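Structure first, then comments.
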Amino acid sequence: MTDPLDRWRAIDRLASDEARPAAVAARRRKGARTARENLEDLVDPGSFVEYGRAAVAAQRERRPLEDLREQTAADGVITGLATVNAARFGAAASGVAVSVNDYTVLAGTQGFFHHAKIDRLLAVAGRRGLPVVMYTEGGGGRPGDVDVKTVPTGLTVPTFATWAGLSGRVPRIAIAHGYCFAGNAALFGCADIAIATRRAFIGMAGPAMIEGGGLGRFRPDQIGPADQLAARGAVDLLVDDEAAATAAARQLLGYFQGAEAEHACASQEELRDALPADRRYSYRARPVLERLLDEGSFLELGRAHGGAVICGFGRLEGRPLGVLASDTRSGGGAIDAAAADKAARFLRLLDDFGVPALSLVDTPGFMVGPRSEEEGAARRMGELFVAGARFRPPLVCVILRKAYGLGAMAMAGGSLHRPDLTVAWPQGELGAMGLEGAVRLGYARELEAAPTDEARDALFERLLGELYERGSAPEVAAYLEIDAVIDPARTREVVAAAFARAAPRSS
């Protein structure tokens, strides 16, 4: 073959799925998609510009070049630039850097050129301010790249520092499916948003390294199952398969790409009856926020852990925003250490990229007691105050019902006057601590002096009623601790107007 174009076409074809039917068939038998199928599903058609497609593993000393081209296409990772969601947000706002590990090539392991390709991509993404989507399936570092003579250990590889260094500069989304071990797991764990399928297994070491360290023998599917990691907060979004993970990545990118011109919402009048008449009862919080937000716009993160605070992205009149909402079905809405961790991390993510936040509050405060303190409550809950104090984008707080103590303050960014607007529904009740506890603590002497149990109960109920009235939303609004009491059906209107008029904080 003498024509350079024909020769290049033959070489280039070897990186395609069509040239590797056996590898594709093996992938199919596992119920998985190929790397290029995931890529095509993610990016806008015709937009992908690939970097390093001609690369092969650095093993020319031990294997023929043609064999490397056939068996180590692109050195196990597809990298390049594309657009995602350009039809919705325009090409200028939709640029994305993409890295997709190819498990059919040397089990997706990280070799010399594999790292070099990712490093090149991340450098461009950093310079151009491009979000990065990274599929991290793979077995970690690769010891067989014998062509490399000047880097005997690989400990100077910049990939991990570069990827971590993009934190706060560009949104970084990682997707894990199948086995994701060692270096690949480190990249996954560094992402701003970590998505995993239910068939993902993620560990900082694979079976060989674990056994080599004298820690026992384990199958790969015994190491870091995704559902277990989601319950520990190490996975933000757990989905069924690669198609769902890719769809979620596209949706998440949209929240950083801008507002949508078209939007719709459910009837807002039903919010007037969203809460139970009895203040002691819990209720389902997600239907409330889904009714308040644009239809179909809410995407929750971290649902499997820190249940007292719901965190996720949504839209209001087309504008993207982050949502924090109390869930009274989890510990009555009391914020434990795990929920504080989740909420603080989410606020930091929103702050990094200027995404406004809406906080829907119904909490008796922070979770207390010896067990809570054993979990490091003071430090971990304190981080929620730090995140709120540093938060610069617009923040709006809506008190749905209970807002007590430090926990309520933390949900409002550290103080009820910290948000750009703090409002309450008419059934709102506020106080330095839960009403029942305040009566028992503040009036212990009077209750103890009651002559009979009936008299004590009557006194308790009277004092409770007085405190409730003193801390009711209309009374608190009269003292200017909150800005207004609003009709629940007008919540969407009021919040949207507040965000439309709020400018980012200068400090």
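The values are calculated or read from the model by the stated rules, or taken from the named source; none is laboratory data. Just so you know, these numbers come straight off a predicted model, no measurement behind them. When we count neighbours, we look across all protein chains shown, and the Cβ atoms used for this are built from the backbone with ideal geometry, even at glycine.
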Q: Being hydroxyl-bearing (Ser, Thr, Tyr) and assigned to a loop (DSSP other than H, G, I, E, B) is the filter; apply it to the range 73-121 and report the residue that is farthest from PRO131 (Cα to Cα).
A: THR104
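Hey, among GLY189, GLY178, which residue is outside any loop (DSSP other than H, G, I, E, B), among the small types (Gly, Ala, Ser) and either surrounded by fewer than 19 Cβ atoms within 10 Å (Cβ to Cβ) or touching a His at 6+ places or on another chain (Cβ under 8 Å) (or both)?
One residue alone meets the criteria, GLY189.
What is the residue count in the range 444-473 for residues that are more than 17 Å from TYR404 (Cβ to Cβ) and touching a helix residue (DSSP H, G or I) at 6+ places or on another chain (Cβ under 7 Å)? Steps first, please.
As a first pass, look at the range 444-473 and keep what is more than 17 Å from TYR404 (Cβ to Cβ): 444-462.
Then keep just the ones that are touching a helix residue (DSSP H, G or I) at 6+ places or on another chain (Cβ under 7 Å); that gives 446-447, 450, 456, 459-460.
Looking only at that region, the number is 6.
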Q: Give the number of residues within the range 122-136 that are part of a helix (DSSP H, G or I) and among the β-branched types (Val, Ile, Thr).
A: 1
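Each row is one residue, and each column tells you yes or no for (1) over 22 Å from ALA234 (Cα atoms); (2) touching a residue at least 60 places away in the same chain (Cβ under 8 Å).
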| residue | (1), (2) |
| --- | --- |
| ALA338 | no, yes |
| PRO356 | yes, yes |
| SER359 | yes, yes |
| ASP362 | yes, yes |
| GLU375 | no, no |
Q: Report, by residue number, each residue of the range 261-293 that is more than 17 Å from THR491 (Cβ to Cβ) and surrounded by 17 or more Cβ atoms within 10 Å (Cβ to Cβ).
A: none
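Look through the range 160-213, keep the residues that are hydroxyl-bearing (Ser, Thr, Tyr) and in contact with a strand residue (DSSP E or B) (Cβ under 8 Å, 6 or more places away or on another chain), and return whichever of them is farthest from ALA116 (Cα to Cα). Outline the logic, then answer.
To start, the set of residues in the range 160-213 that are hydroxyl-bearing (Ser, Thr, Tyr) comprises 162, 167, 179, 197.
Checking the rest, the ones that are also in contact with a strand residue (DSSP E or B) (Cβ under 8 Å, 6 or more places away or on another chain) come to 179, 197.
Details: TYR179: 22, THR197: 27 Å.
Looking at the filtered set, the residue picked out is THR197.
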Q: Show the residue pairs that are 6+ apart or on different chains and have beta-carbon atoms under 8 Å apart, the first residue being within the range 278-297 and in the same structural domain as GLU317 (by TED's automatic domain parsing), the second being among the β-branched types (Val, Ile, Thr) and assigned to a loop (DSSP other than H, G, I, E, B).
A: SER282/THR328; TYR283/THR328; ALA285/THR328
Q: Kindly establish whether ARG392 is under 20 Å from ARG280 (Cα atoms), modelled with pLDDT of 95 or more and either basic (Lys, Arg) or assigned to a strand (DSSP E or B) (or both).
A: no
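Among the residues of the range 453-469, are any of a type in the set (Gly, Ala, Ser) and assigned to a loop (DSSP other than H, G, I, E, B)?
No: the range 453-469 contains no residue that is of a type in the set (Gly, Ala, Ser) and assigned to a loop (DSSP other than H, G, I, E, B).
Could you tell me whether LEU324 is closer than 20 Å to CYS397 by Cα and in a strand (DSSP E or B)? Give the derivation first.
On the way: closer than 20 Å to CYS397 by Cα: yes; in a strand (DSSP E or B): yes.
Yes: the conditions hold for LEU324.
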